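Chemist: Pasting a structure here, questions to come.
What follows is calculated from the coordinates using simple rules that are stated; it is not laboratory data. On a predicted model such as this, the values are computed, not experimentally measured, just so you know. Positions of Cβ are generated from backbone atoms using ideal geometry, with glycine treated the same way; all protein chains shown enter the neighbour counts.
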Amino acid sequence: MARRKNRRRKTAPSANLSGYVAVAVLILLIGGIIFVQSNSVRARLDGYNEQLEDLQAGVSREEVRSEELDSLEKYANTKAYAAEQARLKLNLLGEDELIFIPEK
């Protein structure tokens, strides 16, 4: 049998170089796209975080307001509140109170 030598085919150096350049351009292009998209996502995330802080502040304000309303409701169910409102709005007096009318 004849000996066969494994011979490599010689390719032009410009063919390999253009392939490398094309791959490098694609990698840079994809990297640029990812960078731009990550910046836009980061900006949206910052906006969402600001919204979250505003909403949490609103929730805490409403919790304080709810506590105030609960205490006002408890006070409104007392006899002292009923007597105070009767005195203020209806000009009623308690059993042990007297009216003094100044003489002219």
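Chemist: Which GluC sites (Glu not before Pro) does the range 15-98 hold that lie in a coil by DSSP with at most 16 other beta carbons within 10 Å?
Modeler: Numbers: sites: 50, 53, 62, 63, 67, 68, 73, 84, 95, 97; in loops: 95, 97.
Those satisfying the criteria are 95, 97.
Chemist: Say R0 is 41 Å: what FRET efficiency, to the nearest 0.05, do residue 81 and residue 54 get from their beta-carbon distance?
Modeler: Numbers: r = 36 Å, r/R0 = 0.87.
Taking R0 as 41 Å, the efficiency between residue 81 and residue 54 is 0.70.
Chemist: A further question on this structure: Provide the per-residue ³J(HN,Hα) series for the range 66-82, in order, calculated from phi with Karplus coefficients 6.51, -1.76, 1.60 and θ = phi - 60°, each as a whole number of Hz, with x at glycine and proline positions.
Modeler: Result, ordered by residue: 5, 5, 5, 5, 5, 5, 5, 5, 4, 5, 5, 8, 9, 5, 4, 5, 4 Hz.
Chemist: Run lengths n ≥ 4 of DSSP H only: what is the helix-derived mean residue ellipticity at 222 nm for the chain, with -39500 (n - 2.57) per run over all residues, to the nearest 500?
Modeler: On the way: 2 runs with 75 residues, N = 104.
Estimated from H runs of four or more residues: -26500 deg cm²/dmol.
Chemist: Now a separate question. Cα to Cα, under 12 Å, and not fewer than 8 places away if on the same chain: which aspartates and glutamates meet these conditions relative to residue 79?
Modeler: Excluding near neighbours in sequence, the set is empty.
Chemist: Can I ask one more? Quick check: residue separation of residue 39 and residue 65 times 0.36 nm, minus the Cα distance between them. What number comes out in nm?
Modeler: Working it through step by step, the gained length comes to 5.4 nm.
Chemist: Under a Cβ-Cβ cut-off of 13 Å, what is the net charge of the residues other than residue 80 that fall near it, where Lys and Arg count +1 and Asp and Glu count -1?
Modeler: Details: positive: 74, 79, 87; negative: 84.
Neighbourhood net charge equals +2.
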